[in-house]
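Have a look at the structure below, then the notes.
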Amino acid sequence: MKIEKPVYLDCNATTPLLPEAVRAMRPFLEEEYGNPSSIHSWGRAARAAVDEARTQLAGLIGAKSKEIVFTSGGTESNNLAIFGIAHALRKKGRHIITCATEHHAVLHPCKRLESEGFEVTYLQVDPFGCLDIGRLARAMRPETILISIMSANNETGTCHPVPEIGALCRSHKIAFHCDAIQSFGKETVNVEEWNTDLLSIAAHKFYGPKGAGLLYVRSGTPIEAVQLGGFHENERRAGTENVAAIVGMAAAAKIVSEKTGTEKHHLFALTEKFWGELFTAVPNIHRNGHPTQRLGNTLNVSFENCDGEGLLMGLDLEGVAVSSGSACMVGSIQPSHVLRAMGMNEALIRATVRFSHGSDSREDEIPDVVARVARVVERLRKNR
């Protein structure tokens, strides 16, 4: 079977590397290979590059450079935030609040902490995946030491009211961690406006390299290192910094930040047009997540009388790259915990696909992609 022109619609999983990021990284892969902790000229050049990237990235999120901790990516950033705060403040209290629809990079550390004697409240959401801030307020206790709520869901794109959540946490003197991994590059992220004490981002979600991320830690926020060894990152994260990836992350962040506003509106309109044509062409489909309070690029759709594996494989054969949910759940046969928390029935959960557009997505591709989806769905329904 001839595969038509491939179309990549899985940008919430990862994004292509920007040429500007590649150019910024190349010297540190080929010539400037020094260890940034070394005192000779090679090391000093690497340290200068890391420091420059730190300053640039801090400025883009409204932080101070000393508040940036470089990590290997979003999962490590989330783990450091949750374990780091919990262990640093365990004498103050052992209660943590998070949301049932968080990424597993938050939920699994919380489960581990429960085995260490911490108590975790998992807040439920409404059918759109939205969190009621009143429910959060009612869950707070004197012994609550950390609240971890993502800015936007990776599967549905639904956004939470982060500034209001942060303000509530601050008024109760509770540390607030925000997983902003899906938001940065798609929305304006500012740690002061969001009232965050800790915030995670990952480079490969905004056209930077895999293997690089950061955790913002507000000055004065106590945090205990999780990864031990040397004295790197002001003793908050041991290990030689990935210089090339850090430089590439900064280069990509600068590019995407310059066009976040324009791109946000463009992708929202593009996704709405895609949904409109898909809804017209394919009967018995359902949109999941909030229709407007969401990331502009994300569309999560359930197809009645289909199965998710068949949809993914069929679309792949048609040259369309999509996902059934989190890219970190590859090989898992478990249905989406996000959609389950939203109250969806199991049959629809297992018949769901996430389309996530990116900067290379084009409006003129929509009719062709919709036609391919329609063909796959028709075949699957006929064969049931």
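Quick one: what does P(r) look like for the chain with 10 Å bins over all Cα pairs, in whole %? Whole-percent P(r) values from 0 Å outward: 5, 23, 31, 24, 13, 3, 0. For the range 56-211, the relative contact order is 24 percent, taking Cα pairs closer than 8 Å that sit 6 or more residues apart in sequence and dividing their mean separation by the residue count. Here is the link list: K111/K205; K205/K264; K64/K205; K205/K254. Which ones come out longer than 19 Å on Cα distance? In this structure, K111/K205; K64/K205 exceed 19 Å between Cα atoms. Remark: the Cα gyration tensor places the range 172-295 in the prolate category, a/c being 1.5 or greater and a/b exceeding b/c.
In plain terms, the residue of S41, S65, S148, S361 with the fewest other Cβ atoms within 10 Å comes first and the most crowded comes last, giving S41, S65, S361, S148.
Residues F268, F28, ranked from the fewest to the most other C-beta atoms within 10 Å, line up as F268, F28. Rounded to the nearest 20 debye, the dipole size of the chain about its Cα centre is 600 debye, using +1 on the Cβ of Lys and Arg and -1 on the Cβ of Asp and Glu.
For the chain, the relative contact order is 23 percent, taking Cα pairs closer than 8 Å that sit 6 or more residues apart in sequence and dividing their mean separation by the residue count.
Projecting the Cα positions of C110, I96, Q56 onto the charge dipole of the range 15-117 (unit charges on Cβ atoms of Lys, Arg, Asp and Glu, taken about the Cα centre) puts I96 furthest along the positive direction. The calculated 222 nm mean residue ellipticity attributable to helices in the chain amounts to -12500 deg cm²/dmol, summing -39500 (n - 2.57) over DSSP H runs of n ≥ 4 and dividing by all residues. Residues K111, K382, ranked from the fewest to the most other C-beta atoms within 10 Å, line up as K382, K111.
Only bridges whose two residues both fall in the chain count here: according to DSSP, what percent of them are antiparallel, nearest 5?
Antiparallel: roughly 50 percent of the beta bridges in the chain.
Bear in mind these aren't lab numbers, they're just calculated from the coordinates by the rules spelled out. What you are looking at is a predicted structure, and each value in this text was computed from that prediction instead of being measured. For neighbour counting, all protein chains shown are included, and Cβ atoms are generated from backbone atoms with ideal geometry for every residue, glycine included.
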